[in-house]
Amino acid sequence: MIIKKNRYNQLKLFSKKNDIYSHKIRMVLSIKNLYIKINKILLNNLPKKIFNFYNYKKKKKIFFSKRLMLIDRYIILYESNIIINYINEKFPYPILISKNILKKSENNFITNNIKFNWYKLINIIDNNIKNYKEKSKNQLSKEFSKLSYFFIKKSSFLINLKLTLLDCYIAPILWKIKKLKININGKYKDEIYNYMYYVFSQEKFIKSLTKYEKKYYFKI
């Protein structure tokens with residue numbers, strides 16, 4: 001599908017250069033062939049018109065407390081999950097969510113687990129919270145093992161693998177494990193590594209990375 005430039009040239013993503021929430025959004029954008037500039041989330045590089053929504057006293061607190069934001073003309077969106085839903089609605093093709101009810105339900109179950117468990121643990125590790133960092137690393141490693149059946153299934157069909165929304169949630173976390181010194185153990189670690197090598201070699205994934213992520217994170 002060819003998307004006319006004027007359909008998405010108003011999109012602006014503001015985020016930190018190594019933000020994992022931004023990465024899953026960038027991966028969705030890449031799969032949908034929407035290549036937009038990623039702007040650093042600084043007060044002085046935000047469009048002036050968006051300050052109309054807030055008074056001067058509050059604006060610094062609001063913008064610097066947000067991990068990222070997407071601006072589409074006069075629409076301002078916060079939170080990665082909301083942004084991804086918006087992109088999927090506005091640019092439905094290629095389809096990232098299965099139309100099969102059973103597969104869709106299974107993927108939603110896994111995605112919710114990743115949203116509320118994996119990303120929570122990554123935040124603790126990334127922010128270097130004392131007394132919880134090592135415990136969170138071990139817990140995240142166990143979470144990978146819990147999802148072993150997913151990686152086994154994926155590893156069996158890598159030739160025909162199409163990147164989905166679920167991959168957009170999983171891959172950014174797996175990309176960071178080497179930098180964060182998180183080990184993958186268990187009976188099915190080979191299947192997990194097979195999945196990682198395949199996804200990380202995909203052109204769409206590579207294009208979703210920032211220069212910072214390419215330099216310091218998992219190397220194929």
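What follows draws every value from the coordinates through simple rules; no lab data is involved. These numbers were taken from a predicted model, which means no experiment stands behind them.
For the pairs K24/K178; K12/K99; K135/K211, flag any whose C-alpha to C-alpha distance is greater than 23 Å. Violating the 23 Å Cα-Cα cut-off are K12/K99; K135/K211. Calculated on the alpha-carbon coordinates, the convex hull of region 101-216 measures out at 105 cubic angstrom per residue.
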